[in-house]
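First comes the structure, then the notes that go with it.
The values are calculated or read from the model by the stated rules, or taken from the named source; none is laboratory data. Worth saying up front: this structure is predicted, and the values here are computed from it rather than measured. Backbone-built Cβ (ideal geometry, glycine too); neighbour counts: all protein chains shown.
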Amino acid sequence: MTATDPIRFIPCSRTEMTARGWDELDVLFVTGDAYIDHPAFGTSLLARLLEDEGLRVGIIAQPDWRNPEALRIMGRPRLFAAISAGAMDSMVNHYTAAKKVRNDDAYTPGGRAGARPNRAVIAYTAAVKGAFKDLPTVIGGLEASLRRFAHYDYWDNKVRRSVLIDSKADLLLFGMAESALTTLARRMQAGESIGQITDLRGSAYLSGHCPGDAVTLPSYDEVAGNPEAYNRAFKLAAEQGNPLSGRPLCQPHGNRALLVNPPALPLEEGQLDRIYALPYTRQPHPAYREPIPAYEQIRFSITSHRGCCGGCAFCAITHHQGKTIQSRSEQSLLEELDCLSRHPEFRGTVSDVGGPTANMYGMQCSNPQAQAACRRESCLYPQICKHLDTRDDRAVELLSKLRSHPAVRHLFIASGIRFDLLNRQPAYFADLLKHHVGGLLKVAPESSSPRVTRIMRKPGPQVFEQFLQRFREQSLHLGKRQSVVPYFISAHPGSTLADMIDVALFLQEHNLRVEQVQEFTPTPGSLATCIYHTGRDPFTGEAVHVPRQPNERRLQKALLLWHLPESRGDVIAALRQCHREDLIGRLTGQMSRPAGKPRKPAGKQGDRTRKR
């Protein structure tokens, strides 16, 4: 049996079911992504987990949602259908920040766009209900998770109802969902109906009233018509986000009530190890004949941990994976590397070892009592929490053992790095620069304006400058031509044209050139999206400038690309609008660099940024 034998994959057709001797599924997964049997993809991970629980599981990937027969290819499942838009929110997947249609989709064979519908969770749930009358439906994944409450939708430019209401699903599972999904399946196997299962952590359901122990949020009607109510709802929900102490939340939607249980508890090391030890083939399903771009990026990567304690305003990782860092054991990671080394296409290069932030592996809260009561959105902002154990010994030991594996020639860190932690992680920083940078290191200052980084919940420019100096000095000492890939965001809430002029000057002074810009997109669930919609920070009440007009957004983007000839006209327009004509020569290349500023790049063409 070879690695590409269909029987080694989760069944995707009646033929593959028959090969296993099955005439019926227990659970049917429907996903907006192509089926890649790799733990980096949520549907594959959850399907393998239920399979390990003894359930008969099938996957329908990217079905034609307009054709009920496309959902019936493996028959009606016995328990329920589990539905996800895929690894991305479908609207983010389809549209740019300027609301223009994207021409590609990294999660589809051939990178083609259009294989999944807009608002995929809603469309797929309707398709499943059309194909199987009265079949219980469970929605989850990033799209459902971050749209579980009434939420501002950038593409409709209005507040939409909970996706549980709009999809008419029976249950919503938010977060990573392993515990909730396995518990749900066991209880339904034992005979409980899905309507009886209302106490699952990490789940949301509909009821006729708000129970007395729940925190009641402003209703959908209130948040849809009143920005202050929207901010109040966001703040109340955030305050109950700690899985160790959070209370249930209730948000009325007309004559119904959305009930959201506390988040699932973080997984223990052994639980995480079990998930990653399941028999993934780590390859796309053999039915595909074209490469899948997302697979090409991650096929030789290893996930060492999940969760992020950074709490950046524009990022939803904390809301989905949680703030607690959940790390795998060293033995589990070495066993995965052994497995990876036997992949038929492995040539000795591990492309990444990390998670949302690579240098958070092994970090934890050192005070269980403080952790249980904690309401901080971020463990790093405004200062690094005194209870956060940032020691790097586990990460250093892990990387040492992984790169010493006889099959490994190169082992890189491609996940993002929190540069504000590296002062506390000198051994990790040294090993990183010596062994694990493939010429370019990703970091995310996002802005160099102190006013903007405060709203972003990011460290200010001084911390980044200190990191940049250390990076360049140590790379020079090692004799390595290495550059940073710093990400910057344009048009983030709080950012004005004056701020972006300062950022352009900062980039010039530090020999950093942006190749492509991450333009802020208000995605569901994030703090920055809440501020974008309401114009105020929900925690401080502070009024915040929001760049909404296309002209301002274009000028901000041009200032990050000040060095490109095609940006010159917009750069001049921005400078004139801010009465900074004195900078026209400097930022359009018509005068020499100011005295005392370095000319020589750290790398061949200086440090660069690339598109996320």
Inset, instruction - Quickly run through region 194-216 and pick out the residues that are more than 17 Å from Ile83 (Cβ to Cβ) and either part of a helix (DSSP H, G or I) or free of Cβ contacts under 8 Å to residues at least 24 places away in the same chain (or both). - result: Gly195, Gln196, Gly212
Inset, instruction - Determine, yes or no, whether Ala126 is assigned to a strand (DSSP E or B) and at pLDDT 95 or above. - result: no
Inset, instruction - Tell me, yes or no, whether region 84-95 has at least one residue that is more than 27 Å from Ser179 (Cα to Cα) and surrounded by fewer than 16 Cβ atoms within 10 Å (Cβ to Cβ). - result: no
Legend entry - First in region 508-528 and outside the structural domain of Pro565 (by TED's automatic domain parsing), second anywhere and in a strand (DSSP E or B), Cβ under 6 Å, 6 or more apart: none
Inset, instruction - Pull up region 434-488, narrow it to residues that are in a helix (DSSP H, G or I) and under 22 Å from the mean Cα position of the chain (by Cα), then point me to the one that is surrounded by the fewest Cβ atoms within 10 Å (Cβ to Cβ). - result: Arg454
Inset, instruction - Could you tell me whether region 215-226 includes any residue that is touching a Ser or Thr at 6+ places or on another chain (Cβ under 7 Å), at negative phi and outside the structural domain of Cys374 (by TED's automatic domain parsing)? - result: no
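A quick yes/no check of all residues on (1) crowded, with 21+ Cβ neighbours inside 10 Å; (2) more than 11 Å from Ile83 (Cα to Cα); (3) in contact with a Phe, Trp or Tyr (Cβ under 6 Å, 6 or more places away or on another chain):
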{"site": "Thr108", "(1), (2), (3)": "yes, yes, no"}
{"site": "Thr125", "(1), (2), (3)": "yes, no, no"}
{"site": "Asp134", "(1), (2), (3)": "no, yes, no"}
{"site": "Leu146", "(1), (2), (3)": "no, yes, no"}
{"site": "Ile165", "(1), (2), (3)": "no, yes, no"}
{"site": "Lys168", "(1), (2), (3)": "no, yes, no"}
{"site": "Phe174", "(1), (2), (3)": "yes, yes, no"}
Legend entry - Selection from region 338-351 of residues that are surrounded by fewer than 22 Cβ atoms within 10 Å (Cβ to Cβ) and either of a type outside the set (Ser, Thr, Tyr) or at pLDDT 95 or above (or both): Asp338, Cys339, Leu340, Arg342, His343, Pro344, Glu345, Phe346, Arg347, Gly348, Thr349, Ser351
Inset, instruction - Please enumerate the residues belonging to region 518-560 that are touching a helix residue (DSSP H, G or I) at 6+ places or on another chain (Cβ under 8 Å), hydrophobic (A, V, I, L, M, F, W, C) and surrounded by fewer than 21 Cβ atoms within 10 Å (Cβ to Cβ). - result: Phe539, Val544
Inset, instruction - Those residues that are surrounded by 16 or more Cβ atoms within 10 Å (Cβ to Cβ) and either in contact with a Lys or Arg (Cβ under 7 Å, 6 or more places away or on another chain) or more than 20 Å from Arg20 (Cβ to Cβ) (or both), I need them from region 50-70; list them, please. - result: Gln62, Pro63, Trp65
Inset, instruction - Return yes when Pro77 is outside any helix (DSSP H, G or I), touching a helix residue (DSSP H, G or I) at 6+ places or on another chain (Cβ under 6 Å) and not hydroxyl-bearing (Ser, Thr, Tyr) and no when it is not. - result: no
